[in-house]
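Q: Below is the structure I would like to discuss, written out as structure tokens.
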Amino acid sequence: MPFDSYVFHETQRFRVWWIWLLILAAEGVALFMIFTRVLPEIEGGDFPLPGFFIPIFFIVPFLIAPAILFFMKLDVRVSSDAVYYRLFPFSFRTKKIEMTEIARTELIEFDPFLETRGWGVHYTKYGKAYTMSGKQGVQIETIKGKKVLIGSQKAHEFLDAIKSVKL
């Protein structure tokens, strides 16, 4: 389906500044400890590691975790036939809920830490939650009873788009 035929489209990225600040501070402390405490002991200890092991065990984890967060995105689209959503890189394919399968929709305000256990993909009391940032989303319940919460910075527009198509 071409892009211009979507009633609603939103792409969210993980840009919570204070979490990025915590990550960078933790990485700075960890790297300081590695270069001042760990490396001297490894190189001069009883079982010295070859130099190529150091990036594998210490540097790579400090690059991969922030890269995943940086490239993580939640893509949500509403068309005349379905709601499409994908949380990259955790969902390799776009998920689809047909409009004919939707029994109920509701705007939900939630606490991202207490109710959805943070951002990302989690199983919650609202069903499977796909959240990126913020405290709002749309809960979709299918006629088979499956519940999905999709976080949105434009939750009212998202809900209105679904309702306009369902009429």
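Q: With only Lys, Arg, Asp and Glu charged, each at its Cβ (+1 for the first two, -1 for the last two), find how big the charge dipole of the stretch 74-166 is about the Cα centre; round to the nearest 20 debye.
A: 300
Q: Just to confirm a number: summing +1 for Lys and Arg and -1 for Asp and Glu over residues other than A82 whose beta-carbon lies under 11 angstrom from that of A82, what do you get?
A: 0
Q: If N is the number of residues in the stretch 74-166, what value comes out of its Cα radius of gyration divided by 2.2 N^0.38 Å?
A: This ratio for the stretch 74-166 stands at 0.98.
Q: Can you give the local net charge around Q139? Use residues other than it whose beta-carbon is closer than 9 angstrom to its beta-carbon, Lys and Arg +1, Asp and Glu -1. If you can, show how the numbers build up before the last one.
A: Values: positive: R104, K147; negative: E106, E141.
Residues near Q139 contribute 0 overall.
Q: State log₁₀ I(q)/I(0) for the stretch 57-112 at q = 0.28 Å⁻¹ as given by the Debye formula over alpha-carbon point scatterers of equal weight, solvent excluded.
A: Evaluating at q = 0.28 Å⁻¹ gives log10 I(q)/I(0) of -1.10.
Q: A further question on this structure: Run down the lysines and flag those whose C-alpha is under 21 Å from the C-alpha of K95, throwing out any fewer than 8 positions away in its chain.
A: K73, K125, K128, K144, K146, K147, K154, K163, K166
Q: Here's a follow-up. What does the net charge come to around A67 if you take all other residues with beta carbon closer than 14 Å to its beta carbon, with K and R at +1 and D and E at -1? Don't skip to the answer; put the middle values down first.
A: On the way: positive: R13, K73; negative: E27.
Neighbourhood net charge equals +1.
Q: Multiply the residue separation of Y6 and V121 by 0.36 nm, subtract the distance between their alpha-carbon atoms, and state the gained length in nm to one decimal.
A: Length gained, Y6 through V121: 39.0 nm.
Q: Quick one: R86, R13, fewest Cβ neighbours within 10 Å first, how do they rank? If you can, show how the numbers build up before the last one.
A: Details: R86 19, R13 14.
Listing R86, R13 from fewest to most nearby Cβ atoms yields R13, R86.
Q: With a cap of 13 neighbouring Cβ atoms within 10 Å, and only residues DSSP puts in a loop, list the chymotrypsin sites (Phe, Trp or Tyr not before Pro) found in the stretch 64-118. Kindly include the intermediate steps, with their values, before the conclusion.
A: Values: sites: F70, F71, Y84, Y85, F90, F92, F110, F113; in loops: F90, F92, F110, F113.
Those that pass, being in a loop and sparsely packed, are F90, F92, F113.
Q: Further question on the same structure: Could you run the Karplus curve 6.51 cos²θ - 1.76 cosθ + 1.60 with θ = phi - 60° over the stretch 103-108 and give me ³J(HN,Hα) per residue in whole Hz, x for Gly and Pro?
A: 9, 8, 10, 8, 6, 10
Since every read-out is calculated from the coordinates, none of them should be taken as a lab result. Every value quoted in this text rests on a predicted model; they were computed, and no experiment measured them. Ideal geometry is used to build each Cβ from the backbone, glycine not excepted, and the neighbour counts take in all protein chains shown.
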